[in-house]
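Data first, discussion second: the structure below is written as C-alpha cells.
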Amino acid sequence: MSITSPDLMSTDSGVTRTWSCVLFDLDGTITDSAPGIVARLAKTFATLGLPVPSEDELLNWVGPPMLESLEQRAGMTPAEALDALTVYRSISAVDGPWTGSAVFPGIAGVIKNLFAAGIPLAITSSKPESQVTAVLDHFGLSQYFTELCGASEDEVRSSKADVIEEALRRLTDQGIDLSQVVLVGDRHHDVEGAAVHGIPTIMVEWGYGSPVEAEHAMAVVHSTDQLSKLLLG
C-alpha cells in the first residue's frame with residue numbers, strides 16, 4: 001500500500017502539517033530499551049557458548065530485525081540464527097521484554113496529547129507483536145493506539161516495510177484516514193521502510209541511530225517538545 005503525501009509547509013519551527021494518522025516505532029523512539037536488549041543478547045551468546053560481543057557492538061543490534069542481525073552481524077547461517085532467536089525469545093519470556101527498559105521522558109505526554117486530539121496512532125515495530133503488546137501494556141500505553149503491529153512470530157513479517165504494510169492494512173480495515181500519514185522513528189530502517197509506502201519520517205535524536213541515518217528523513221527532532229510541535233502544530 002502506498003500513501004501519497006501532500007507538500008510540506010516550512011515554518012520557523014520546522015515542518016507543519018495536519019496529520020490524519022501517526023505511526024510510531026517502539027525501541028529507541030518510545031522506550032529506551034537498549035540496556036535490556038543488550039543484556040538479553042549477552043545471555044543468548046553465553047547460553048550458546050559463543051563469544052559475547054562488546055556492549056558497544058551489541059548496541060547496533062537495537063532496532064533492526066533480530067534475525068537479520070544474527071545473520072549479518074554474527075555471521076550465523078539461517079538455521080543457526082533461528083536457533084539463537086529461539087534462545088533470545090525464551091530469555092525475554094522469562095525476564096519480561098520490558099526488563100531493562102524505560103519510557104523516554106516526555107514521549108508518553110506526546111502520545112496522550114495526540115490521542116486526545118483524535119489522531120489515530122499505531123505502533124510499527126520489528127519486535128515480535130506479542131512483545132510489543134506486552135511492553136506497552138506494562139507501561140500503560142496500549143490504550144492510546146488503534147493498532148499495535150510488530151513482526152510475526154515466524155519472522156515472515158519482520159522488515160519495517162512489511163510491518164508498516166500490515167499496519168496500514170489493519171488501519172484501512174478500520175476506516176482510518178490514511179491520506180496524511182507520518183512515521184516517528186530513530187533508525188534508517190524506519191526511514192527506508194516508510195518510504196516504500198510513500199510515508200515521510202520524523203527522526204528522533206534521542207534514539208539509537210546515527211546522524212547519517214536521518215539523511216532522508218523529513219525532519220529531525222531533538223526533544224519531545226519539538227516532536228509535539230511537528231505533530232500537533
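What tally of residues in the range 92-115 results from selecting those that are surrounded by 19 or more Cβ atoms within 10 Å (Cβ to Cβ), at pLDDT 95 or above and part of a helix (DSSP H, G or I)?
Of the residues in the range 92-115, 4 are surrounded by 19 or more Cβ atoms within 10 Å (Cβ to Cβ), at pLDDT 95 or above and part of a helix (DSSP H, G or I).
Restricting to the range 210-227, name every residue that is open to solvent by 30 Å² or more (accessible area, probe 1.4 Å) and either under 23 Å from ALA102 (Cα atoms) or not charged (D, E, K, R) (or both).
SER210, PRO211, VAL212, HIS216, MET218, VAL220, HIS222, SER223, ASP225, GLN226
Which of the residues spanning the range 41-70 are closer than 23 Å to LEU26 by Cβ, open to solvent by less than 70 Å² (accessible area, probe 1.4 Å) and assigned to a helix (DSSP H, G or I)?
LEU41, ALA42, THR44, LEU58, LEU59, MET66, LEU67, GLU68, SER69, LEU70
For ALA151, indicate whether it is modelled with pLDDT of 95 or more, more than 21 Å from HIS216 (Cα to Cα) and crowded, with 23+ Cβ neighbours inside 10 Å.
no
State yes or no: is VAL204 crowded, with 17+ Cβ neighbours inside 10 Å and either modelled with pLDDT of 95 or more or over 27 Å from GLY100 (Cα atoms) (or both)?
Values: crowded, with 17+ Cβ neighbours inside 10 Å: yes; either modelled with pLDDT of 95 or more or over 27 Å from GLY100 (Cα atoms) (or both): yes.
Considered against the rule, which asks whether it is crowded, with 17+ Cβ neighbours inside 10 Å and either modelled with pLDDT of 95 or more or over 27 Å from GLY100 (Cα atoms) (or both), VAL204 comes out as yes.
Suppose the filter is out of contact with any strand residue (DSSP E or B) (no Cβ under 6 Å at 6 or more places or on another chain), within 25 Å of GLY96 (Cβ to Cβ) and among the charged types (D, E, K, R); does ASP162 pass it? Full working, then the answer.
Details: out of contact with any strand residue (DSSP E or B) (no Cβ under 6 Å at 6 or more places or on another chain): yes; within 25 Å of GLY96 (Cβ to Cβ): no; among the charged types (D, E, K, R): yes.
So ASP162 does not fit the description; no.
Any residue in the range 153-178 that's more than 20 Å from LEU82 (Cβ to Cβ) and in a loop (DSSP other than H, G, I, E, B): show its pairings with residues that are open to solvent by less than 60 Å² (accessible area, probe 1.4 Å) and of a type in the set (D, E, K, R) at Cβ separation under 8 Å, as long as the two are six or more apart or on different chains.
GLN174/GLU147
With respect to ILE176, determine if the residue is more than 14 Å from ASP25 (Cβ to Cβ), open to solvent by less than 60 Å² (accessible area, probe 1.4 Å) and at pLDDT 95 or above. Spell out how you get there, then give the answer.
On the way: more than 14 Å from ASP25 (Cβ to Cβ): yes; open to solvent by less than 60 Å² (accessible area, probe 1.4 Å): yes; at pLDDT 95 or above: yes.
In short, yes.
Scan ALA117, ALA102, ALA93 and give me the residue that is over 21 Å from the mean Cα position of the chain (by Cα) and either of a type in the set (Asp, Glu) or over 24 Å from GLU166 (Cα atoms) (or both).
Values: ALA102 fails: over 21 Å from the mean Cα position of the chain (by Cα); ALA93 fails: over 21 Å from the mean Cα position of the chain (by Cα).
On inspection, the qualifying residue turns out to be ALA117.
What's the total number of residues in the range 179-201 that are open to solvent by 30 Å² or more (accessible area, probe 1.4 Å) and in a strand (DSSP E or B)?
0
Check VAL212 against each of (1) over 20 Å from ILE37 (Cα atoms); (2) hydrophobic (A, V, I, L, M, F, W, C); (3) modelled with pLDDT of 95 or more and name the one condition it does not meet.
(3)
Please go through the range 14-40 and give me each residue that is of a type outside the set (Phe, Trp, Tyr), more than 14 Å from the chain's Cα centre (by Cα), surrounded by 15 or more Cβ atoms within 10 Å (Cβ to Cβ) and not in a helix (DSSP H, G or I), ordered by number.
Across the range 14-40, the qualifying residues are GLY14, VAL15, THR16, ARG17, SER20, CYS21.
Quick check: is even one residue across the range 132-146 open to solvent by 10 Å² or more (accessible area, probe 1.4 Å), assigned to a helix (DSSP H, G or I) and under 24 Å from MET203 (Cβ atoms)?
yes
Kindly provide the set of residues from the range 154-173 that are charged (D, E, K, R), in contact with a His (Cβ under 8 Å, 6 or more places away or on another chain) and either open to solvent by less than 20 Å² (accessible area, probe 1.4 Å) or over 25 Å from HIS188 (Cβ atoms) (or both), ordered by number.
LYS160
Any residue in the range 43-68 that is under 28 Å from ALA161 (Cα atoms) and touching a residue at least 12 places away in the same chain (Cβ under 8 Å) sitting within a Cβ distance under 8 Å of a residue that is in a helix (DSSP H, G or I) and open to solvent by 70 Å² or more (accessible area, probe 1.4 Å)? List the pairs, counting only those 6 or more apart or interchain.
The qualifying pairs are LEU67/LEU82.
The values are calculated or read from the model by the stated rules, or taken from the named source; none is laboratory data. Computed from a predicted model, the values in this text were never measured in an experiment. Please note: Cβ atoms are built from the backbone with ideal geometry, for glycine as well, and neighbour counts cover all protein chains shown. Accessible surface is based on the protein model in full, side chains and every heavy atom, while ligands, DNA and RNA are left aside. Shrake-Rupley method; radii C 1.70, N 1.55, O 1.52, S 1.80 Å.
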